[in-house]
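Q: Pasting a structure here, questions to come.
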């Protein structure tokens, strides 16, 4: 007997002999083998009766008593391997929790012991919610394999719709997966779902310990927990029979992996529901342009929730033109006045700035030199609390120089601003207010996020300043003011999705205001007040934004009117990268069909990260499958090229 074993490497399965003492070995078990002279852990992929090769190495050890992967996940891994052009082993190792080892630990979701599951019958649906729920439940009952796009404004009750659908799926004896962006998996969200489903629910996200993740994995695998809620990787939850997969905030870029395999959880969800004959629900207040386009064409079924629950009004939104507020470019007079008004009324404020640190960069006033990271072609951000310049891409840090390293001048100036600087300014303006910053610098501790949000819920915090982490998943009735401090950050990115991301961020963070009985207000600070992304966000008008954006995409032949394959070559020698990329371009041009565009090679907008230069080639096509074989061939050639690494990204989310 022989076993095909797969590894977390870009290599095919290797065959090993099964010793007599391991005769019970089966697919899905982890094993230890000799791979290239070193002991390596792999996963048994197939059992073979015969092998045409003599003298095969034996299995050295079997590490599991029960499989870590089931047949369903093996089939999924094969699809991921084909679609995203990676090895089956890399796909399988992406699925299982890191450091998997069978353990038994209790998972603490932060649920109050006095809380008991809430009966859904006690919550009255709006007529709009009821219509949507009835349509989705009908699809579950009829075993329809269909994709629904649920477009609902912020506060329209999409979560309650999800809960009702999941409840029906479970009563039918099937499983359900709810994907949410990592930033939406706040303790508040987790407690809400746990209070409804109790022990039937498994939660998978990065703030669990390794032991907790593994414990949840095995309980799902054994069928003890038919409901899974989690971030991107929860799409691989080992459920046997799936009735529904829900992708909340479906526009979020965090559903796309930036490591091999570069899968998109939405595409994987689509494939899994096809495998199981279940329904896929994509929900958002700001659907991706691609999804909304498919819904308008009738490929997806469009469902809408255009109003907030309990007749709550969307917040009134104002724009402040920073070009006319030169003396108050961090916090405009209008915003300061509005904050002061809320503090006097004992109401709460959320301020959003998608940039960490104190100053965005340091530059020389004499020669214009900007202090950049030695490993990346990126300006370094000054963090005053640690008195260091930090690179947000590789983590490299240095003390701020006293003199310009380029010309020796003493005229070094701190420019730009981040959340840390805003916190300092607000403490000076409102010394009596309780002000807290919430970004990746302040929530590194495992419990820090929970502690901040609990304090905010208890009104121990007046003003919450944050990056993208404050834009979603937060429901606090006393938040009546949201300030967007610089709406232009995302707008200025060299990426065709820049306007879409700007609209999404403004709309989502604005949705945190006025979620209770009190009317909310949003103030958007910008240097580009006439841009359609900002104007349509101000008016809460997704349809108008879509119409404007889709015209731009069509004129430039960007998705949804084409598909994109991006090849990124990285290495230490930039000239060699261009030579290799140019040779690959010649191969691609020979394989080109129809009116496909093949662009490059060119330096990536972020041309150097972690000491590696980056060069890319971009393919625009409507037939990605036509390029699969040639991409596999190019990938195999690059593996033999010293000091050049290739990333093949199908349907990339970022072009940086």
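Each reported figure results from applying straightforward, stated rules to the coordinates on display, with no laboratory input. What you are looking at is a predicted structure, and each value in this text was computed from that prediction instead of being measured. Glycine gets a Cβ as well: all are built from the backbone with ideal geometry, and neighbour counts include every protein chain shown.
Q: For Rg and Dmax of the Cα atoms in Å, the listed values are (i) 23.6, 72; (ii) 27.3, 91; (iii) 26.2, 83; which was obtained by calculation from the structure presented?
A: Recomputing Rg and Dmax of the Cα atoms in Å here gives the entry labelled (iii).
Q: Relative contact order, percent, of the chain when contacts are C-alpha pairs under 8 Å separated by at least 6 residues?
A: 12 percent
Q: What order, most packed first, do the peptides 266-277, 137-148 have when packing is the mean number of other Cβ atoms within 10 Å of each residue?
A: 266-277, 137-148
Q: A follow-up question, please. Starting from the alpha-carbon convex hull of the stretch 362-413, give the projected area averaged over all orientations, in nm².
A: 3.3 nm²
Q: Given the peptides 540-553, 624-637, arrange them by the average over their residues of other C-beta atoms within 10 Å, most packed first.
A: Ranking, from highest mean packing down: 540-553, 624-637.
Q: If you don't mind, another one. To the nearest 500 deg cm²/dmol, what mean residue ellipticity at 222 nm is calculated for the chain from DSSP H runs of n ≥ 4 alone, each contributing -39,500 (n - 2.57), summed and divided by the residues?
A: Rounded to the nearest 500, the figure is -9000 deg cm²/dmol.
Q: Consider all pairwise Cα distances in the stretch 120-310 and report the whole-number % of them above 25 Å.
A: 29 percent
Q: Between residue 384 and residue 275, with labels modelled 7 Å along Cα→Cβ, what's the label distance in nm to one decimal, could you check?
A: Roughly 5.2 nm, to one decimal.
Q: Go through 250-256, 513-519, 482-488, 362-368 and give me the packing order, highest mean Cβ count within 10 Å leading.
A: Top to bottom by mean Cβ count within 10 Å: 482-488, 250-256, 513-519, 362-368.
Q: Figure the gain on full extension for residue 448 and residue 530 (residue separation times 0.36 nm, minus the Cα-Cα span) and round it to one decimal in nm.
A: Result: 25.7 nm gained on full extension.
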